[in-house]
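Q: The structure follows.
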Amino acid sequence: MLAFHEEVRHQAERIWQAMYAHPFLAETAAGTISRDVFARWMQQDYLFVREAVPFLAILLARAPATLRRPLGEALAALYRELEVFERLAREHHVALEGIRMLPTCHAYVHFLLATAYGRSFPEAFTVLYAAEKAYLDAWSWVKQQQRAVSPWQAFIENWTSPTFREYVEWLGHTLDGLAHGVPESARAAMRELFLLTAQYELRFWDMAWAGEHWPVEMP
Ligand code: MP5
């Protein structure tokens, strides 16, 4: 029998395959991705990670006492990650200030915050697991495929480090425990949220790759 974290990942198989087939990841691995496309991802992901701070902080405040310390450490890791963005942005002359969220980034971030505030803790935790698992797998795929060091290597290393992998494994096992303690109706809600998060992950690569616009340009 599959553990719950394996079951949710398994039901999202088609989304994962679409992610692995995404040109953004293929071109990042091949080293052919254009600077402008990569810069767009970087700007939007910087905004995403900045808002992941309140998302995680709300989860931490609602967490059972045993989960507070590891979630607190994850929160501190977000600030180290923001520093990686800031360093690479300086090195590559990418602006991180004065950037507005594109529609997908905006929707995804608000989906995170809405689940953290409005859904049960196990449901919100599922969203955290899905987002982290998607990044671990996407960047691990890039790392496996790459044949030469990338100018963006620090990002590849960030989400493929043994520490990050262990964190995602811990999230998966913790999710199993949470799923065990709730009724089937809540597990169904968790499965649905995993899928939705995975869909947003895929959309995020689309947004970075193709660009996106609000319907009417804003001042
Ligand atoms: C993550 C991320 C990983 N940075 N961006 C997206 C769109 N999804 C997932 O989260 P973290 O907090 O950077 O590890």
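The values are calculated or read from the model by the stated rules, or taken from the named source; none is laboratory data. Not measured: the values here are computed from a predicted model. Every residue, glycine as well, gets a Cβ built from its backbone with ideal geometry; the counts of neighbours run over all protein chains shown. When the accessible area is computed, the model is the full protein with side chains, heavy atoms only, and any ligands, DNA or RNA have been set aside. Shrake-Rupley method; radii C 1.70, N 1.55, O 1.52, S 1.80 Å.
Q: Restrict the check to region 45-54 and report whether at least one residue is in contact (Cβ under 8 Å) with a residue 12 or more places away in the chain and touching a Cys at 6+ places or on another chain (Cβ under 7 Å).
A: yes
Q: While we're on this one: Could you tell me whether Ala95 is open to solvent by less than 30 Å² (accessible area, probe 1.4 Å) and either more than 16 Å from the ligand (Cβ to nearest atom) or more than 16 Å from Glu132 (Cβ to Cβ) (or both)?
A: For Ala95, the condition - open to solvent by less than 30 Å² (accessible area, probe 1.4 Å) and either more than 16 Å from the ligand (Cβ to nearest atom) or more than 16 Å from Glu132 (Cβ to Cβ) (or both) - is not met.
Q: Okay, moving on. From the residues in region 54-77 that are within 14 Å of the ligand (Cβ to nearest atom) and open to solvent by less than 20 Å² (accessible area, probe 1.4 Å), which one is farthest from Ala116 (Cα to Cα)?
A: Ala74
Q: Among Ala89, Ala107, which is the only one that is open to solvent by 10 Å² or more (accessible area, probe 1.4 Å) and either touching a residue at least 40 places away in the same chain (Cβ under 8 Å) or more than 12 Å from the ligand (Cβ to nearest atom) (or both)?
A: Answer to the selection: Ala107.
Q: Just checking, how many residues over region 139-194 are at pLDDT 95 or above, small (Gly, Ala, Ser) and either in contact with a Ser or Thr (Cβ under 7 Å, 6 or more places away or on another chain) or outside any helix (DSSP H, G or I) (or both)?
A: Looking only at that region, the number is 3.
Q: Here's something else I'd like to know. Looking at this structure, is Glu157 crowded, with 18+ Cβ neighbours inside 10 Å, within 15 Å of the ligand (Cβ to nearest atom) and charged (D, E, K, R)?
A: Considered against the rule, which asks whether it is crowded, with 18+ Cβ neighbours inside 10 Å, within 15 Å of the ligand (Cβ to nearest atom) and charged (D, E, K, R), Glu157 comes out as no.
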